[in-house]
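A.B. asks: Sharing a structure below in structure tokens format, with a few things to ask.
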Amino acid sequence: MQVKQIYNHNSLKNFTYLLRDEISKHAYCIDPYDGGIAYTALSDLGWELKEIWNTHAHPDHIRGNEKLASLTGAKIMQNFMDEKRDFENGIYQKLTLAIPGHSMDHVGYLFLKNNKQEFFFCADTLFQAGVGHCRLGGDVATLYQTIGELNENIEDSTLLYTGHDYLINNLEFALTIDGDNQEIKKMLKKART
């Protein structure tokens, strides 16, 4: 499975992801912030888009759906667990996991390669040095439970793909809570370079 991460230069620092199944040659897009930018990236790569997957219904994760679908003819798979599209291609297996809390409809996409966890698209549930907020229809207690379950079930070697680049913001916030933490200071210095 090939993965292309697209950084959207906006105030929310969104990531969009393009994936290509090397066996079927099908391409997929996760959370297109800007349909035009995603389309250009697909064209540059020579990938043909089959489906658009969303992790949750917040506007910054679905705003590019219609434009990208109209440019490619791809099907929008937006109703999360109702339309989960797990698949296997002989090498990779995709599992759609309910990971509520940031929003109650939030899902993540876990990919296994030869039955071993390879990467996980966790979007706004889990970030580098932080978790998603619950102000837009989420629930703190549910998010807490979800994070605990992910901590138990997602292997340390699994590569995480998040929905935003909030690393520096999250580390700066962490220093307001634990200002003497040298590990946070080292991580923040490294992130800024």
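The values are calculated or read from the model by the stated rules, or taken from the named source; none is laboratory data. Because the structure is predicted, anything quoted here is derived from the model rather than measured. Reconstructed Cβ throughout: ideal geometry from the backbone, glycine too, with neighbour counts over all protein chains shown. Ligands, DNA and RNA are excluded from the accessible area calculation, which covers all protein heavy atoms including side chains. Shrake-Rupley method; radii C 1.70, N 1.55, O 1.52, S 1.80 Å.
A.B. asks: Name the single residue that is farthest from SER157 (Cα to Cα) among those in region 102-124 being open to solvent by less than 10 Å² (accessible area, probe 1.4 Å) and in contact with an Asp or Glu (Cβ under 6 Å, 6 or more places away or on another chain).
C.D. replies: Going through the qualifying residues, I end up with HIS102.
A.B. asks: So, one more: Go through region 57-84 and give me each residue that's at positive phi and modelled with pLDDT under 95.
C.D. replies: Of everything in region 57-84, just one residue is at positive phi and modelled with pLDDT under 95, namely PHE80.
A.B. asks: Further question on the same structure: I need every pair where a residue in region 98-111 that is without any contact (Cβ under 8 Å) to a residue 40 or more places away in the chain has its Cβ under 9 Å from the Cβ of a residue that is aromatic (Phe, Trp, Tyr) and surrounded by fewer than 24 Cβ atoms within 10 Å (Cβ to Cβ), sequence separation at least 6 or different chains.
C.D. replies: What qualifies is ALA98/PHE80.
A.B. asks: Can we say ASP178 is acidic (Asp, Glu), more than 18 Å from the chain's Cα centre (by Cα), open to solvent by less than 80 Å² (accessible area, probe 1.4 Å) and farther than 16 Å from ALA57 by Cα? Please lay out each step first, then the result.
C.D. replies: On the way: acidic (Asp, Glu): yes; more than 18 Å from the chain's Cα centre (by Cα): yes; open to solvent by less than 80 Å² (accessible area, probe 1.4 Å): yes; farther than 16 Å from ALA57 by Cα: yes.
When the stated conditions are applied, ASP178 passes them.
A.B. asks: Would you pick out the residues in region 19-42 that are open to solvent by less than 60 Å² (accessible area, probe 1.4 Å) and either over 15 Å from HIS164 (Cα atoms) or small (Gly, Ala, Ser) (or both)?
C.D. replies: LEU19, ARG20, ASP21, SER24, ALA27, TYR28, CYS29, GLY35, GLY36, ALA38, ALA41, LEU42
A.B. asks: Among the residues of region 91-101, count how many are modelled with pLDDT of 95 or more and under 18 Å from LEU159 (Cβ atoms).
C.D. replies: Matching residues across region 91-101 total 1.
A.B. asks: I'd like to check which helices (runs of 4 or more DSSP H) are fully inside region 1-114 and have at least 3 residues that are hydrophobic (A, V, I, L, M, F, W, C).
C.D. replies: 35-45, 65-72
A.B. asks: Quick check on this structure: which one of GLY137, GLY148 is part of a loop (DSSP other than H, G, I, E, B), out of contact with any strand residue (DSSP E or B) (no Cβ under 7 Å at 6 or more places or on another chain), within 29 Å of LEU19 (Cβ to Cβ) and free of Cβ contacts under 8 Å to residues at least 40 places away in the same chain?
C.D. replies: GLY137
A.B. asks: Sticking with this one: I'd like the residue in region 1-11 that is open to solvent by 70 Å² or more (accessible area, probe 1.4 Å) and of a type outside the set (Ser, Thr, Tyr) and, out of all such residues, is nearest to TYR161 (Cα to Cα). First the steps, then the outcome.
C.D. replies: Filtering region 1-11 down to residues open to solvent by 70 Å² or more (accessible area, probe 1.4 Å) leaves 4-5, 7, 9, 11.
Subsequent filtering for residues that are of a type outside the set (Ser, Thr, Tyr) retains 4-5, 9.
Numbers: LYS4: 11, GLN5: 9, HIS9: 17 Å.
Among residues in region 1-11 that are open to solvent by 70 Å² or more (accessible area, probe 1.4 Å) and of a type outside the set (Ser, Thr, Tyr), the one nearest to TYR161 (Cα to Cα) is GLN5.
A.B. asks: Any residue at all in region 151-159 that's buried (at least 19 other Cβ atoms within 10 Å of the Cβ), on the phi < 0 side of the Ramachandran plot and touching a residue at least 24 places away in the same chain (Cβ under 8 Å)? Working first, answer last.
C.D. replies: As a first pass, look at region 151-159 and keep what is buried (at least 19 other Cβ atoms within 10 Å of the Cβ): none.
Within region 151-159, none of the residues are buried (at least 19 other Cβ atoms within 10 Å of the Cβ), on the phi < 0 side of the Ramachandran plot and touching a residue at least 24 places away in the same chain (Cβ under 8 Å).
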